[in-house]
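Read the structure below first, then the notes.
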Amino acid sequence: MLISVLFTKRYDRDKKIMKIFLVGGAVRDRLLGLDVKDNDWVVTGATPEMMIDLGFKAVGKDFPVFLHPTTSEEYALARTERKSGKGYHGFHFYAAEDVTLEQDIQRRDLTINALAEDENGNIIDTVNGEADLKNRLLRHVSPAFAEDPVRILRIARFLARFSSLGFRIAADTMQLMKDMVEAGEVNELVAERVWQETSRALTEPNPEQFIKALRECGALKILFPEIDRLFGVPQPEQHHPEIDTGIHTLLVLQQACLLSPEPEVRFAALTHDLGKGTTDPEILPHHYGHEDRGYYLVKKLCTRYKVPKTYTQLAEITSKYHTHIHRALEVKPKTLLKVLEACDAFRRPERFDNFLLACTADSRGRPTYEKYPYEQADFFRMLLKEVSKVDVKDIVDAGFTGLQIREQLYQKRLKVVKLIRKNHDNNVPLQG
């Protein structure tokens, strides 16, 4: 481990010497044989004044954190914390020269994140983190885990990241999470933190594990009731061998991960069937009209968590129009054109393609359908490409004005759609 030359200058106050340690994810990932993306450092035996004297820039609001003057990596003074209120804001922090590395480690969330490394490369493990790495366990460091509800989201996100390596949440940690939910801690989470952790989970290899973990501890029902109520809701078995809508949703999310790294696509996949959770029980296992019901539920969810527009808009059109894509080879040409226009495909072709990816994930998110070709998406891609060739300039040059331009544009586009549909039905290959 390379130590900055800045630390060759040491302070000795009351026989306490400044020391620094590499901590957390960098140590964990190196031991797992993974690429290390960021280095985080803990400094003991130091004061803010010492750090600033060494050229560091103070950036911490709640507790002393400093940026290295050349690498911009974060160096935090060792600290302790104690609960002083509800939620994750209710903490009192203490950072001073007398706080030890061992004390700092005790406030961390998981044992695998509580490993440290000194300047000679020696691993410092006071919480059996190395053993939990070996046994693939996500385990809390101490009962203090229960004081911060964000940690429920974080451990669920770590499961989404590491489940493919065989990691699982330790039984005692899951019980602690359940106790936290029962105690009402999750209710104190603010929208921004919920979305921050959720959006990060969507970038992980297995975000469906994030949902599973939240459901197991009971947090999903509180944070995302629209998703939680999908579990146990039946679908027609001839189309959905998995039957359960919640299980289908997780399968769709898995397929979306295989199709795209974009979290917006994965979010659209996760929320595409929310309407099925509000289907009248008397018509089950059918879900007539679930698309429109889901559209409003998506809008409500996104408003609640202040979800960015790129996520919201894609999720909305996916909920409302995904069955139109599934029925692309059955519906009338006017309906095909309506979908293109309603989804703003001509102006937002990239978003429309992401929409088609979410629809493909929906089709493949069923047992035995995982590798089925999804002709409907390819048909709509070809349709958009050909209809986009209709040039509004030609219409203007022909002398049309005002509302006439819009009507002519629609008619010319519809003519192309009808021709493509006719040729497709007759197995006539597209020319040019």
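From the list 268, 213, the one residue that fits, being within 27 Å of residue 317 (Cβ to Cβ), of a type in the set (A, V, I, L, M) and in contact with a helix residue (DSSP H, G or I) (Cβ under 9 Å, 6 or more places away or on another chain), is 268. What about residue 338, is it in contact with a helix residue (DSSP H, G or I) (Cβ under 7 Å, 6 or more places away or on another chain) and not in a loop (DSSP other than H, G, I, E, B)? Against the criterion (in contact with a helix residue (DSSP H, G or I) (Cβ under 7 Å, 6 or more places away or on another chain) and not in a loop (DSSP other than H, G, I, E, B)), residue 338 does not qualify. Among the residues of region 365-395, write down those that are part of a loop (DSSP other than H, G, I, E, B), open to solvent by less than 70 Å² (accessible area, probe 1.4 Å) and within 20 Å of residue 326 (Cα to Cα). Those that are part of a loop (DSSP other than H, G, I, E, B), open to solvent by less than 70 Å² (accessible area, probe 1.4 Å) and within 20 Å of residue 326 (Cα to Cα): 365, 366, 367, 369, 374. Of the residues 293, 347, 351, only one is assigned to a loop (DSSP other than H, G, I, E, B) and either modelled with pLDDT of 95 or more or not β-branched (Val, Ile, Thr) (or both); which? Only one candidate passes the filter, namely 347. Residue count for region 318-335 under the criterion of being open to solvent by 10 Å² or more (accessible area, probe 1.4 Å), in contact (Cβ under 8 Å) with a residue 40 or more places away in the chain and in a helix (DSSP H, G or I): the result is 3. Residues in region 15-38 that are open to solvent by 70 Å² or more (accessible area, probe 1.4 Å) and either within 23 Å of the chain's Cα centre (by Cα) or among the aromatic types (Phe, Trp, Tyr) (or both): 35, 37, 38.
Please verify whether residue 383 is under 23 Å from residue 266 (Cα atoms) and of a type outside the set (S, T, N, Q), treating the condition exactly as stated. Taking the combined requirement at face value, the residue does not satisfy it.
Is there a residue in region 165-174 that is open to solvent by 30 Å² or more (accessible area, probe 1.4 Å), without any contact (Cβ under 8 Å) to a residue 40 or more places away in the chain and more than 22 Å from the chain's Cα centre (by Cα)? Checking region 165-174: at least one residue is open to solvent by 30 Å² or more (accessible area, probe 1.4 Å), without any contact (Cβ under 8 Å) to a residue 40 or more places away in the chain and more than 22 Å from the chain's Cα centre (by Cα). Just one of the listed residues (230, 159, 214) is assigned to a loop (DSSP other than H, G, I, E, B) and open to solvent by less than 30 Å² (accessible area, probe 1.4 Å), namely 230.
Look at region 351-377: where a residue is of a type in the set (Phe, Trp, Tyr) and a partner is open to solvent by less than 40 Å² (accessible area, probe 1.4 Å) and assigned to a loop (DSSP other than H, G, I, E, B), sitting 6+ places away or on another chain with Cβ atoms under 6 Å, you get 352/343; 352/345. Inclusion of residue 57 among residues that are open to solvent by 20 Å² or more (accessible area, probe 1.4 Å), touching an Asp or Glu at 6+ places or on another chain (Cβ under 9 Å) and at pLDDT 85 or above is not warranted.
A residue that is of a type in the set (Asp, Glu) and under 27 Å from residue 232 (Cβ atoms) cannot be found anywhere in region 325-340.
The values are calculated or read from the model by the stated rules, or taken from the named source; none is laboratory data. Fair warning: this is a prediction, and the values are worked out from it, not measured in the lab. FYI the Cβ positions are ideal-geometry reconstructions off the backbone, even for glycines, and counts take in every protein chain you see. Heads up: the accessible areas ignore ligands, DNA and RNA and are worked out on the full protein's heavy atoms, side chains in. Shrake-Rupley method; radii C 1.70, N 1.55, O 1.52, S 1.80 Å.
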